[in-house]
Every structure is written in structure tokens, then in C-alpha cells.
Amino acid sequence: MDQKFGITSPGVPTIIIGNQALVGEDQIRHRLEQVILEERAAPSGSTTANTTAVSNCPGTFTTLTVPLVILCAGIDSINPCAFTVLLILLLSIIALQTRRQVLMVGITYIAAVFLFYFISGIGVLSFVHVSGISGLIALVAAVIAIVIGAVNILDAAVKREGFILAIPESKKPVIERYIATATLPAAFVLGILVGIFELPCTGGIYLSILSLISNTLTFSEGLPYLLLYNFIFVLPLIVILVAVVLGIPPERVNTWRLANRRKLRVIIGIAMILVGVFILLGPRFL
């Protein structure tokens with residue numbers, strides 16, 4: 001029955017109703033009545049079951065929807081680090097190369113950021129599916145999102161030049177070296193480096209979504225959600241690149257970024273805290 005229902009972390013007690021399996025006291029306590037009511041309203045039978053049981057982590061939200069993925073990806077996409085590097089890259093090459101070359105360098109950079117996040121997501125998703133600790137990952141990710149959100153708000157409130165959650169000063173010479181080169185391979189490496197350096201700053205929301213994907217979907221079913229998330233994540237970078245290629249000076253975009261960077265951090269911080277609280281307390285609100 002464990003194999004039939006895709007239960008990767010078997011436990012007792014286990015209750016199977018229709019095509020839904022509840023494993024462990026916490027899961028049964030929180031979801032049994034809901035499952036019974038659903039089964040009474042629309043009996044599913046027990047012959048087509050292919051349900052992966054949710055890990056025993058009480059209090060975490062376990063419903064994944066497309067709007068939730070888009071919302072979280074949109075919050076994650078307001079990423080000062082990736083914005084800054086792309087704008088500096090465009091500023092350094094816009095006067096030296098043709099629009100077509102600028103477009104190719106920008107696309108290469110954005111593609112590298114996308115691939116790094118997507119491959120990282122596949123790695124985490126695989127680990128969570130194999131380990132069967134998606135509920136615990138969701139709990140940890142929610143706490144991380146709340147902490148990072150609070151740090152972003154404090155970062156914006158303190159009037160100083162730099163920020164705590166930013167690309168480390170020690171790594172900036174490496175990035176500047178690749179920016180100066182401005183070739184397609186350099187732009188690709190630059191995108192990977194930015195992904196590596198900024199992932200700890202924004203990874204809380206990403207981890208939360210990955211844990212929800214693991215909670216509710218199989219690995220293959222979760223891949224479209226992962227693709228959607230990462231497309232939304234790089235969408236602002238695409239918009240900036242298209243705007244610059246169409247003639248908007250990158251200096252103007254960079255000036256706007258500098259003028260609003262503290263506001264952006266406050267917005268990101270508040271949004272991350274709300275996402276973390278929602279994941280932790282979602283069932284209680286519902």
C-alpha cells in the first residue's frame with residue numbers, strides 16, 4: 001500500500017481513505033475530518049490512487065496553486081543584486097557594442113541566472129522527494145523567509161551605504177572582472193556567480209515553494225511549476241533588457257533603482273514575512 005500510494009516515509013498510524021493517505025498522528029489530527037468530508041462529497045474509490053503523503057510537520061501549509069507560485073516568484077524576482085549586475089553590465093557595453101550584441105549579452109546573462117536557479121531547484125526537489133522531509137523543509141524555509149524579511153526591513157531602515165543582504169564586498173572584484181570582459185561566456189559565468197552569491201539572500205521563498213511542490217506533487221508534476229516560478233523570477237530582468245534595447249537609457253533605469261532601493265527592500269521584507277507566516281499558519285487561517 002505504501003508503494004501504491006507513493007508514501008516515501010511510512011509510519012504508524014496510517015489511514016487510507018479513497019485515494020488519500022494520511023501518515024502519522026499529526027497529519028491525521030489535522031486533515032482527517034477534511035478528507036472524510038471530501039470523500040463523502042465526491043467518492044474517489046481506491047483503485048486509482050497515486051498520492052504522496054505529506055510529511056509530519058504540523059502547522060505548515062500544504063496547498064500549492066498557480067497564483068501562489070506566481071505571487072512568491074514575483075516577490076523573489078524583486079532582486080536588487082541581479083538588477084544591479086545586469087544594469088552595470090549594460091552600462092559598460094551599451095556605448096561600445098551594437099544593440100544586437102547588447103541583446104545577446106543580456107540574454108546570456110539572464111539565461112545563466114535562470115538555469116542556475118532552475119537546476120538548483122531540481123536538486124533540492126530531488127533531495128526532498130528522496131528524503132521525505134518536505135514538511136520539515138517547509139517549516140525551516142518559512143522561518144528563513146521571516147528572518148530574511150526582517151533583516152531586509154532593518155537593512156533599509158538603517159541609513160548607511162551598504163546592505164547586509166547584498167553581494168559580499170570580497171566577491172565584487174570577481175564580478176567586475178567578468179563585467180569588464182563583456183563577452184558571451186563572461187556574461188554566462190556572471191549570471192552563475194550572481195545566482196550563487198544572491199541565493200542565500202532570497203532562498204527562503206524558493207525553498208518554501210519547493211517544499212510545497214514536494215508535498216503535493218510528484219517530481220515530474222512539479223517541474224512545470226518550477227519552470228513557471230523561474231520564468232517569473234527572471235521576468236523583471238527581461239523587461240529591463242528589452243527596455244534598454246528599445247532605447248531607454250540604462251542610466252535612467254539605474255538612477256531609478258538607486259533612488260528606490262530602500263523602498264524595494266522594505267517591500268521585499270514585508271512580502272517575505274507574510275509568505276513565511278502564511279506557510280506556517282495557513283491551515284489555521286483556513
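The single condition among (1) modelled with pLDDT under 80; (2) more than 20 Å from LEU258 (Cβ to Cβ); (3) surrounded by 14 or more Cβ atoms within 10 Å (Cβ to Cβ) that VAL143 does not meet is (1). Against the numbered list (1) over 30 Å from GLY276 (Cβ atoms); (2) modelled with pLDDT of 65 or more; (3) surrounded by fewer than 14 Cβ atoms within 10 Å (Cβ to Cβ); (4) among the aliphatic types (A, V, I, L, M), ILE94 comes up short only at (3).
Here the range 214-247 is the region considered, the condition is being open to solvent by less than 20 Å² (accessible area, probe 1.4 Å) and modelled with pLDDT under 80, and the residue that is farthest from THR98 (Cα to Cα) is ASN215. Scanning the range 1-46 for residues that are in a helix (DSSP H, G or I) and among the small types (Gly, Ala, Ser) returns a single hit, ALA41.
Note on the range 248-279: among residues that are part of a helix (DSSP H, G or I) and farther than 27 Å from TYR206 by Cβ, the one that is most open to solvent (accessible area, probe 1.4 Å) is ARG252. Based on what the data block shows, is ALA111 at pLDDT 65 or above, under 30 Å from GLY24 (Cβ atoms) and either part of a helix (DSSP H, G or I) or small (Gly, Ala, Ser) (or both)? In short, no. Among the conditions (1) at pLDDT below 85; (2) surrounded by fewer than 19 Cβ atoms within 10 Å (Cβ to Cβ), ILE209 misses just one, which is (2).
The values are calculated or read from the model by the stated rules, or taken from the named source; none is laboratory data. For clarity, every value in this text was computed on a predicted model and none was experimentally measured. Heads up, the Cβs are rebuilt from the backbone with ideal geometry, glycines too, and the neighbour counts pull from every protein chain shown. The area values use the complete protein model at the heavy-atom level, side chains included, leaving out ligands, DNA and RNA. Shrake-Rupley method; radii C 1.70, N 1.55, O 1.52, S 1.80 Å.
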